[in-house]
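Asker: Have a look at this one before I ask anything.
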Amino acid sequence: MTSNKLAFSEIMQEWLYNPNTGYYTQNHVGKAGDFYTSVSVSKFFGGAISRYILRMLDEKRLTLPLHIVEIGSNNGDLIADIAEFLKAFSNIVFIQTSFCVIEPLVCLHTQQKATFQARITARFAKQLHIYSNLQMLKDTQPNNVFFISNELFDSMPCDIFHNNNMLYFHNNNFTWDKPSSEISEFIEKYDIKSAEIPLIWESFIQNLCILSCKWIFLTFDYGDFLAREMNIRMYMQHKVYNLYEELQNDRLAQFIGKSDITYDIDFSLLKKILENNNAKVLCNVTQSKFLIESCEILDIFESFSAHFSTIQLSKQKASLQGLIAPNAMGERFKALVCGV
């Protein structure tokens, strides 16, 4: 393999995370962007997570003082939603909680800080702590951490394995060739059935699992409980483009840095990696089941509904259905909770 032959994961890393041109350096979420997320659909998503955090404290899985840490925060809305609802649910817990973000894209720090400043700091004198990586959080020596992420794992660069070959970029062209030994070993180690090979998941989880503190990690992502056939795709202006089809038609290059690129999470693989690193999977269910049964989102909505006008109530109900309806995000998104 020549030195200028790049694995597809390296292309995807630049595509999404280049600090100057990467797709995620700009906000593309919402009607005017390329896709929606649960966070952009309804604030009650953050409210439900707040309720679940209180449940973890009630069950003594975590204790105060607490760090709530969002990994990959986009514009900072989710961590602000969580803080806002936590203040409403329990001022005692709110006071003893540090709100944090781990965000490797430094260019997003200003927006995240500004969102939290306007919504939380200015009202309740509570600061947002932003770290560029997990080690910076670890250096603060927290005792109890609740990690939250939304669509994190499907944004981690992956390699593509198809018909026993791996996708590379070489001499300004995409080409198929034999997989690297590292990828071959990873596939064999976890008996991977999907075409998307997220080697980075293992190093991320290893770093998480060496934390000496008590922690719980809740993550939501688009995917299935078992592996699917190749599904990596791009989103641009709310349209979906199949990567393999665009590759076959020699159009893939026009999407680089200009569209989102993502893939379905194989939750069976994610669980294997977690358990291999001595993390215990506490729950893995559909987003709908988790929000309704574990977070009591319908009860939360009912308790706040008196504050809405008739028109607002109708809009909020429609947004809530977007989170939990089977034909919306409720079934295709899954929740996974793990801890030590």
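Asker: Output the 0 to 90 degree angle, nearest 10, between the alpha-carbon long axis of helix 310-324 and the longest principal axis computed from the alpha carbons of the chain.
Answerer: Roughly 40 degrees between the two axes.
Asker: Rank these residues by their accessible area, most exposed first, probe 1.4 Å: Tyr23, Tyr222.
Answerer: Tyr222, Tyr23
Asker: Could you compute Rg(Cα) / (2.2 N^0.38 Å) for segment 180-221, with N its residue count?
Answerer: 1.42
Asker: Using only alpha carbon pairs under 8 Å that are at least six residues apart, calculate the relative contact order of the chain and give it in whole percent.
Answerer: Relative contact order comes out at 21 percent.
Asker: Using all alpha carbons of the chain, what is the percent of pairwise distances in each 10 Å bin, ordered from the shortest bin to the longest?
Answerer: 5, 25, 34, 25, 9, 2, 0
Asker: How far, in nm, would the chain grow between Thr21 and Phe124 when pulled straight, counting 0.36 nm per residue and subtracting the alpha carbon separation?
Answerer: Here the answer is 33.5 nm.
Asker: In addition: Please calculate how many Å² of accessible area the chain carries per residue, with a 1.4 Å probe and no DNA, RNA or ligand atoms counted.
Answerer: 46
Asker: Let me ask something additional. Pull up all non-local amide H partners of Ile160: gap of 5 or more, or a different chain, and H-to-H distance under 5 Å with H placed in the peptide plane.
Answerer: Here Phe8, Ser9, Leu167, Ile197 satisfy the definition.
Asker: Could you tell me what percent of the accessible area of the chain is made up of carbon and sulfur, with a 1.4 Å probe and every protein chain present?
Answerer: 49
Asker: Then there is this: Could you please put Cys338, Cys107 in sequence from largest to smallest accessible area, using a 1.4 Å probe?
Answerer: I get Cys107, Cys338, largest accessible area first.
Asker: Can you list the HN-Hα couplings for segment 231-247, worked out from phi with the Karplus curve (6.51, -1.76, 1.60; θ = phi - 60°), rounded to whole Hz and with x for Gly and Pro?
Answerer: My calculation for segment 231-247 gives 9, 4, 8, 10, 10, 9, 6, 6, 10, 10, 10, 6, 4, 5, 5, 5, 5 Hz in order.
Asker: Continuing with this model, one more query. Residues with amide H under 5 Å of His129's amide H, sequence separation 5 or more or different chain, H placed in the peptide plane at 1.01 Å from N; which?
Answerer: Phe99, Cys100, Val101
Asker: Next question, about the same structure. Can you pull the accessible area of Met136 for me, 1.4 Å probe, Å² to the nearest 10?
Answerer: In the full protein context, Met136 sits at about 80 Å².
Asker: The chain: longest stretch without exposed GluC sites (Glu not before Pro) (DSSP loop, at most 10 other Cβ within 10 Å), sites themselves excluded?
Answerer: Counting at most 10 other Cβ atoms within 10 Å as exposed, the longest clean stretch of the chain is 60-228.
Asker: On to the next question. Work through the residues other than Phe304 whose Cβ is under 13 Å from its Cβ and net out their charges, Lys, Arg +1 and Asp, Glu -1.
Answerer: Neighbourhood net charge equals -2.
Asker: Taking the DSSP beta bridges in the chain as the whole, what percent of them are antiparallel, to the nearest 5?
Answerer: So the antiparallel bridges in the chain amount to around 55 percent.
Asker: What Rg and what Dmax come out for segment 175-325 when only alpha-carbon atoms are used, in angstroms?
Answerer: 19.9, 61
The values are calculated or read from the model by the stated rules, or taken from the named source; none is laboratory data. Quick caveat, the model's predicted, so the values are computed rather than measured. Methodologically, a virtual Cβ is constructed for each residue, glycine included, from the backbone with ideal geometry; neighbour enumeration extends over all protein chains shown. Calculation scope for accessible area: heavy atoms of the full protein, side chains included, ligands and nucleic acids excluded. Shrake-Rupley method; radii C 1.70, N 1.55, O 1.52, S 1.80 Å.
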